[in-house]
Amino acid sequence: MRHGRILWIAVLAAALLAGCLGKKKAAPVAGTPAEPDKILFGKATEDIKHGRYTVGRLGLQTLINTYPDSEYLAKAKLGIGDSYYKEGGMAGLKQAIVEYKDFITFFPFLDEAAYAQMQIAMGHYRQMEKPDRDRTEVVQAEAEFQTFLEKYPNSPLTPQAEQHLREVQEVLAEGNFRVAYFYYIRNAYKAAGARLIELTNRYPLYSAADRANWMLGQIYEKGEHNELAAQYYARIVKEYPLSAMVGDAKARLTKFGVPVPQPDPVAVARMQKEEEARNRPNILLRSMGILKTGPDVSLSAHTGAPTMTPASETGDETLSFGGPSTLGMTGGSGAGNSATIETVTTGSGSLAAQPVTNLTDRAPSPSDSNATPPGTGTGTAVGADPSTTQPADTTTPAPPADKTQESTSKKKKGIHKIIPF
C-alpha cells in the first residue's frame, strides 16, 4: 500500500509538471470583441482586394453594426469608400464620394481625413468631361482640390493635389477659351472680351494664356483704345517671355510708342521648366483622344501656384445675369450681363475693373488692317466712355433688314414644329 501511494504521487506530480511546462493556447475570453472584429476586418479586406466588393462591403458593414467600439471602426468606414472607388463607374464614384464625406464628418481629426478629402476630389476628377461638354464635375473637382489644399497644406498628398488642380483649371480655361474664340472669329467682340478677361485674370497658368492676351489686345486695338491694348501686349512680353507672340507684341508696343517691358525672370524660369516637364503626346495619341471620354491635360502647367480663390468669390462670372447688359451680344434677351471690362492706364502694372456701357459697332478703317482678327464684318469699340455715348434703345427693337430673314416659326408645320431647324 505504501509503495502504491508513492507511485500515484509520482504520476500526479509528473502530470502537474508537464501541464505547467507545456505551451497551451489561451482561449478567447467571452465578451471581448478584439479577436472577432479583427478576423472580420481581415476577411473583408481580402474580399475587396480580390474584387469581391459587395461581399467585402457587407463584412465591413457587419463589423460597424456589431462592434461599435472596435478599434477597426474608422478603417472599416474608410474601407467601404475605397471599395466603391476601386469598383469605379459613375455610380461607384458617386457613392464613394458620399462615403468619404461621411468619414470626414465622423472622424475629422484622424490623419486619414486628408486622404478622404483627396479621394473626394479624385472622384470628381475621374468623372470630368472634355472642355466642350458638361463642366459640372470639373467645377466640383476644382472646389474639392482647393478645399484640400486649404485644410491640409502639410499633407504628403499636397504636391499631387496641386498638380491635379492645375490640370482641372487647364480644362476650365480651355472651355472658356473655345467659347471666346467662337465669338472672336465672328467679330462679336463684346461677348469674346468678357470671357477672355475672366480667363486671363483667373487662369494665368493656362497653356494658351498668351494667345488670350493677344486676342484682348486686338479687340481693344480694333476699338481704337491703344492704351488698353498696350497693357495686354506688355503682359505677353513680361509674363510669357518665351511665347511665339512676343515678337508681334513688341512690334505693337513700338508702334504705339510705349516702352517695351523687360521679361520677368521668374516667368522665364517657369516657362523653361514647363518646356522641360511638359509631356506632349504624339499624333497617334492625339488621334486616339476621340475615343477617350476624359479631357486631355497634357498641356497643363507643372509649375506655379494654382488659383486658390473660388469662382464664386472672384466676381468674374461673365455668364451670370444681373443688371443692365454691358458685354452681352446685341439683340439678345432683356436679361443683362454683370460682366465688366477692365481698364488700365499706360505704365501701370494693375488692371482696374470699370463697367462699360453701350459698346457700339463701327466699320473698320484702313488703319485697322493689321489689327483685324480672323473673320470678316464690323468690329466693336470696347472701352467706350459712358459719358460720351448715348444709351441704347432697349424698348423698341430695330426691324430686320430683310423681310425674308424674319423668323418662320409660325409657318412651320408637321415635324418642323418639333425640330426647329
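Assorted remarks:
- Residue 165 vs. criteria farther than 30 Å from residue 120 by Cα, among the hydrophobic types (A, V, I, L, M, F, W, C) and either surrounded by 24 or more Cβ atoms within 10 Å (Cβ to Cβ) or free of Cβ contacts under 8 Å to residues at least 12 places away in the same chain (or both): no
- Scanning segment 104-157 for residues being over 12 Å from the mean Cα position of the chain (by Cα), among the hydrophobic types (A, V, I, L, M, F, W, C) and open to solvent by 40 Å² or more (accessible area, probe 1.4 Å) gives a total of 5.
- Here residue 99 meets the list (1) touching a residue at least 60 places away in the same chain (Cβ under 8 Å); (2) open to solvent by less than 40 Å² (accessible area, probe 1.4 Å); (3) among the acidic types (Asp, Glu) almost entirely, failing just condition (1).
- Screening segment 150-169 for residues that are of a type outside the set (Asp, Glu) and in contact with a Pro (Cβ under 8 Å, 6 or more places away or on another chain) and picking the one that is nearest to residue 203 (Cα to Cα) gives 169.
- Residue list for segment 222-257, restricted to those being among the charged types (D, E, K, R) and open to solvent by less than 10 Å² (accessible area, probe 1.4 Å): 222
- The selection criterion, being surrounded by fewer than 17 Cβ atoms within 10 Å (Cβ to Cβ) and touching a Pro at 6+ places or on another chain (Cβ under 9 Å), holds for residue 264.
- Flag for residue 203 being under 23 Å from residue 302 (Cβ atoms), of a type in the set (Phe, Trp, Tyr), buried (at least 19 other Cβ atoms within 10 Å of the Cβ) and touching a residue at least 24 places away in the same chain (Cβ under 8 Å): yes
The values are calculated or read from the model by the stated rules, or taken from the named source; none is laboratory data. Everything numeric in this text was worked out from a predicted model, so none of it was measured. FYI the Cβ positions are ideal-geometry reconstructions off the backbone, even for glycines, and counts take in every protein chain you see. Only protein heavy atoms, including side chains, enter the accessible area calculation; ligands, DNA and RNA are left aside. Shrake-Rupley method; radii C 1.70, N 1.55, O 1.52, S 1.80 Å.
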